[in-house]
Ligand SMILES: *[C@@H]1O[C@H](CO)[C@@H](O)[C@H](O)[C@H]1NC(C)=O
């Protein structure tokens, strides 16, 4: 195993990797002229600036597939997140989403801000999807179907055990890892990675965000769902909200460290996944978010600030 062992034995090698993160932010983006592709890349910038930057690492064919994949999943996410949609309306949309992407006329209005625009102009995403190769379309369809079914299963369900936490993260993020591996393979640029490693790539990023965003999520109005598993936080507090109060600082940090330790269990798989990649552009695309996540977790560990404000890495900071 190439870089996994190397990074452990020579942690200073993380610095050139961190430089990639900085370099990627300097790349200028041009929007394609066709309206659907122009919409897709402009929307990508509006819903995730950082993803819009890393995606520029990829060659044009794979980049288009990954862009559409991301927008389809964000649209699915918008449906899942919109608490104003009654469950009996929401569930069939989640379950049927993988069919709607083939339909230029399908439309469902929900969400807010950029996500509302994404939903209202979803036909552009469908048109872009239909221009992808068959193998890319099939990979996106399969993952969209499985994610929609997983979201439907977890609707109105609290995350209790660590096994449920892993299962939920599998649906919303592990499947993204599986899908990307399928897209890389369909482009004939990589061997197909084992599902367990692809899953870990997604779980590590998702768990890092769930940890970092504790305060933002707990203070959200209307109340957003929380994904810290009860079996972890109940060792430290009676209610998850109690962790944000100053007087519970000690217990809160112990709980945080428990959560970080759980997330770190995925790092070995992530390094193994990265060390098996052959294509340098795909390597950069995959490595940048993982390096950012490792840095974010290092910043969160033992840090009571997670319960006071947003802990974010500054640009160019190691
Ligand atoms: C993205 O945001 C910019 C700036 O607010 C806006 O001009 C543009 O229309 C948005 N793109 C899409 C596809 O909505």
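The values are calculated or read from the model by the stated rules, or taken from the named source; none is laboratory data. Computed from a predicted model, the values in this text were never measured in an experiment. With ideal geometry, Cβ positions are generated from the backbone for all residues, glycine too; neighbour counts draw on all protein chains shown.
Out of all the residues in region 221-233, which are loosely packed, with under 14 Cβ neighbours inside 10 Å and without any contact (Cβ under 8 Å) to a residue 40 or more places away in the chain?
Filtering region 221-233 down to residues loosely packed, with under 14 Cβ neighbours inside 10 Å leaves 221-223.
Of everything in region 221-233, those that are loosely packed, with under 14 Cβ neighbours inside 10 Å and without any contact (Cβ under 8 Å) to a residue 40 or more places away in the chain turn out to be 221, 223.
Yes/no matrix, rows are residues, columns are (1) under 23 Å from residue 289 (Cβ atoms); (2) within 16 Å of the ligand (Cβ to nearest atom); (3) over 17 Å from the mean Cα position of the chain (by Cα); (4) assigned to a helix (DSSP H, G or I):
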site	(1), (2), (3), (4)
158	no, no, yes, no
164	no, no, yes, yes
167	yes, no, no, yes
182	yes, no, no, yes
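Can you go through 258, 217 and tell me which one is touching a helix residue (DSSP H, G or I) at 6+ places or on another chain (Cβ under 6 Å) and either in a helix (DSSP H, G or I) or touching a residue at least 24 places away in the same chain (Cβ under 8 Å) (or both)? Can you show your working first?
On the way: 217 fails: touching a helix residue (DSSP H, G or I) at 6+ places or on another chain (Cβ under 6 Å).
Of the residues listed, the single one that is touching a helix residue (DSSP H, G or I) at 6+ places or on another chain (Cβ under 6 Å) and either in a helix (DSSP H, G or I) or touching a residue at least 24 places away in the same chain (Cβ under 8 Å) (or both) is 258.
Of (1) more than 16 Å from the ligand (Cβ to nearest atom); (2) outside any helix (DSSP H, G or I); (3) more than 21 Å from residue 204 (Cα to Cα), residue 92 satisfies all except one. Which?
Status for residue 92: all satisfied but (2).
Which ones in region 69-85 are more than 14 Å from the ligand (Cβ to nearest atom) and assigned to a helix (DSSP H, G or I)?
Initially, region 69-85 is screened for residues more than 14 Å from the ligand (Cβ to nearest atom), giving 69, 72-73, 76-77, 79-85.
69, 72, 73, 76, 77, 79, 80, 81, listed by residue number.
I'd like the full set of residues that are within 10 Å of residue 82 (Cβ to Cβ) and either surrounded by 16 or more Cβ atoms within 10 Å (Cβ to Cβ) or away from the ligand (no atom under 15 Å from the Cβ) (or both), limited to region 109-119.
Result: 110, 111, 115, 119.
Considering each residue of region 16-45, count those that are modelled with pLDDT under 95, part of a helix (DSSP H, G or I) and within 14 Å of the ligand (Cβ to nearest atom), and give that number. Walk me through how you get there before you give the answer.
Just the residues of region 16-45 that are modelled with pLDDT under 95, to begin with: 16-33, 45.
Filter once more, keeping what is part of a helix (DSSP H, G or I): 16-24, 45.
Filter again for within 14 Å of the ligand (Cβ to nearest atom), leaving 45.
So the count comes out to 1.
Would you tally the residues in region 150-203 being crowded, with 21+ Cβ neighbours inside 10 Å and without any contact (Cβ under 8 Å) to a residue 24 or more places away in the chain?
Going through region 150-203 one residue at a time, the tally reaches 1.
Considering (1) farther than 26 Å from residue 200 by Cβ; (2) in a helix (DSSP H, G or I), say which one residue 110 fails and leave the rest.
(2)
Looking at 281, 304, which one is in contact (Cβ under 8 Å) with a residue 40 or more places away in the chain, surrounded by fewer than 19 Cβ atoms within 10 Å (Cβ to Cβ) and over 27 Å from residue 164 (Cα atoms)? Step through it out loud before you land on a result.
Working: 304 fails: over 27 Å from residue 164 (Cα atoms).
Result: 281 is the single residue among 281, 304 that is in contact (Cβ under 8 Å) with a residue 40 or more places away in the chain, surrounded by fewer than 19 Cβ atoms within 10 Å (Cβ to Cβ) and over 27 Å from residue 164 (Cα atoms).
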